[in-house]
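Before any comments, here is the structure.
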Amino acid sequence: MQKKRFDELTTRELYELLALRTEIFVVEQDCPYQEVDGKDVTAVHYWIEADGRPIAALRVLEDESPIAIGRVVTKSTHRGQGHSRRLMQEAVADFGNRDLYLQAQTYVEPFYASFGFTRTSEEYLEDGIPHVDMVRTATVSK
């Protein structure tokens with residue numbers, strides 16, 4: 001697993017992460033939207049590689065309140081192998097002492113619930129895809 005802030009990414013790493021996200025969110029899900037949204041520059045990027053290329057990734061926007069987890073993606077040929085779970089476990093381990101927020105595609109709501117996220121909105125369409133807002137309340141070690 002790789003984990004880097006934007007300024008630590010190589011040009012190739014950034015390119016590969018953006019290509020993976022575009023492949024899934026824009027092409028596979030047939031959802032034209034502005035993938036390069038300016039938020040990557042303040043994000044912590046997590047990803048898993050196979051054959052030197054990202055196959056699963058997410059980003060954490062730690063400057064937002066609450067901290068937002070987003071762009072959780074796994075290449076179609078590598079789904080069902082626990083990659084998104086590993087990425088989420090790492091992100092929650094790193095940031096779980098603060099409240100976390102995410103916008104979940106409705107069909108994966110149970111996946112995020114397994115990390116302690118609870119629904120905070122009614123279902124709504126985001127770029128034509130059903131979503132719900134979810135929050136995970138901070139856990140504090142004693």
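The values are calculated or read from the model by the stated rules, or taken from the named source; none is laboratory data. These figures come from a predicted structure and were not determined experimentally. For neighbour counting, all protein chains shown are included, and Cβ atoms are generated from backbone atoms with ideal geometry for every residue, glycine included. Heavy atoms of the whole protein, side chains included, go into the accessibility calculation; ligands, DNA and RNA do not. Shrake-Rupley method; radii C 1.70, N 1.55, O 1.52, S 1.80 Å.
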Residue 93 vs. criteria among the small types (Gly, Ala, Ser) and surrounded by fewer than 19 Cβ atoms within 10 Å (Cβ to Cβ)
yes
Looking at 99, 127, 133, which one is among the charged types (D, E, K, R) and out of contact with any strand residue (DSSP E or B) (no Cβ under 8 Å at 6 or more places or on another chain)?
127
Among the residues of segment 101-113, is there at least one that is open to solvent by 80 Å² or more (accessible area, probe 1.4 Å) and either touching a residue at least 40 places away in the same chain (Cβ under 8 Å) or in a strand (DSSP E or B) (or both)?
yes
Only unsatisfied item for residue 7, checking (1) over 21 Å from residue 91 (Cα atoms); (2) exposed (fewer than 15 other Cβ atoms within 10 Å of the Cβ), is (1)
Within segment 75-90, identify whether any single residue is open to solvent by less than 60 Å² (accessible area, probe 1.4 Å) and in a strand (DSSP E or B), and answer yes or no.
no
Looking at the structure I just gave you, is residue 53 touching a residue at least 12 places away in the same chain (Cβ under 8 Å), open to solvent by less than 30 Å² (accessible area, probe 1.4 Å) and among the basic types (Lys, Arg)?
no
Going residue by residue through segment 24-33, is there one that turns out to be part of a strand (DSSP E or B), open to solvent by less than 10 Å² (accessible area, probe 1.4 Å) and out of contact with any His (no Cβ under 9 Å at 6 or more places or on another chain)?
no
Among the numbered conditions (1) among the basic types (Lys, Arg); (2) at pLDDT 95 or above; (3) on the phi > 0 side of the Ramachandran plot, tell me where residue 71 comes up short.
(2)
